[in-house]
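The values are calculated or read from the model by the stated rules, or taken from the named source; none is laboratory data. Bear in mind the structure is a predicted one, so any value in this text is a computation, not a measurement. FYI the Cβ positions are ideal-geometry reconstructions off the backbone, even for glycines, and counts take in every protein chain you see.
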Amino acid sequence: MTAGSAPAPAAAAGRSEPRHGLRILVAWVIASAICTPIVYYVWGPHLPPGTMSDSAAGQQWDNTVLATMATPVILGVWIYFGYALIFWRQKDGDTSDGPPIHGNTRIALTWISVTSAIVLSLAAFGTYELVVPAGAGAGEGPAPIWKPDGTTLQVQVIGQQWAWTFRYPQFGGMETAQLVIPVGQPVQFNVTSLDVIHDFWAYQLGVKADANPGVNNVAYTTAKRTGGFVVRCDELCGLWHGAMFTYGKVMSTSAFQAWAQQTRTSLAPVTKMLPAYALTYDPTSIAQISQAELKLGIGGAGGGYYPPQDPSQP
Ligand SMILES: [Cu+2]
């Protein structure tokens, strides 16, 4: 309450101001030593998008590194802010300005070198992570520079308002509403659209590639374990954009082969009517096919372009 009790001797002494910088530094070092390993080891393995594929695992690793590097930075801001709130509060009745501070070369140099080191190392890390994991699960356009080793299973992803279909050129060009891939084999997604701009997002696989009409956009991934994953459209594409999702499956190699052969056989009559497999399609000719399918009484009410579902399939 009384203005003079504690600060008076300090003010009188002039130099006995506590070493604020050292206090903040000690608090920051202790907090960082505790929190940074927690972020890396405890939070990191739970960061999205998980580890279902190599591209997903790569993205999780990126997120873990970024979160770990951000931890001391955020703690520095918070601790400085908290310290300032507690110890540098304006005293009651004190309406004077603080002293002008300028020309602290040590602080300026430290600030410039530390922030430069952080930003440049992140730029190097980001570039390396784009190149080395061979595609990182993102669409690389029609002529990818970085490709995975080994034989790839090719799956064409076709977006249209408002559904995804998938063509398998290595299985006779069949087109199905089911996305099934084998575990352990590199998959090459060739992503395109028949109408507006969509975005193919297989979340748990860490694959995300724009689906543009007239464009073949290539993305790679290799699934690391079997199971289901979600496929969404991630580009606002019209009235039913929010309903444009489906579920995909990663199967064992033998189960995938069995599924693919069976589907190829059951879809054979429809496959014959489809346009030949191509990297992009002319939507005007597809509309004619759709009408022809309707006349023949095959295909669904949603435009007739979708192959009928095999009810024995899950
Ligand atoms: Cu869409």
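Taking the criterion of being modelled with pLDDT of 95 or more and either outside any strand (DSSP E or B) or among the β-branched types (Val, Ile, Thr) (or both), the residues of the range 242-252 that qualify are Val250, Ser252.
Taking the range 35-54 as the range and being assigned to a helix (DSSP H, G or I) and touching a Phe, Trp or Tyr at 6+ places or on another chain (Cβ under 7 Å) as the test, no residue passes. Could you list, in sequence order, the residues of the range 189-207 that are part of a strand (DSSP E or B) and either within 13 Å of the ligand (Cβ to nearest atom) or farther than 20 Å from Trp240 by Cα (or both)? Selection gives Phe189, Asn190, Val191, Thr192, Ser193, His198, Asp199, Phe200, Trp201, Val207.
Only a single item in (1) under 12 Å from the mean Cα position of the chain (by Cα); (2) closer than 14 Å to Lys224 by Cβ is not met by Pro48, and it is number (2).
Consider the range 160-214 and keep the residues that are of a type in the set (Asp, Glu) and more than 21 Å from the chain's Cα centre (by Cα). The one that is surrounded by the fewest Cβ atoms within 10 Å (Cβ to Cβ) is Asp195.
Here Gln170 fulfils each of the conditions (1) more than 16 Å from the ligand (Cβ to nearest atom); (2) part of a strand (DSSP E or B) apart from (2). Going through (1) within 16 Å of the ligand (Cβ to nearest atom); (2) at pLDDT below 90 one by one, Ile289 falls short only on (1). If I filter the range 122-138 for residues that are within 16 Å of the ligand (Cβ to nearest atom) and part of a loop (DSSP other than H, G, I, E, B), do I get at least one hit? No, the range 122-138 contains no residue that is within 16 Å of the ligand (Cβ to nearest atom) and part of a loop (DSSP other than H, G, I, E, B).
Residues checked against (1) within 16 Å of the ligand (Cβ to nearest atom); (2) among the acidic types (Asp, Glu); (3) surrounded by fewer than 19 Cβ atoms within 10 Å (Cβ to Cβ):
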| position | (1), (2), (3) |
| --- | --- |
| Gly228 | no, no, yes |
| Asp234 | yes, yes, yes |
| Cys237 | yes, no, no |
| Val250 | no, no, no |
| Ser254 | no, no, yes |
| Trp259 | no, no, no |
| Thr263 | no, no, no |
| Pro269 | no, no, yes |
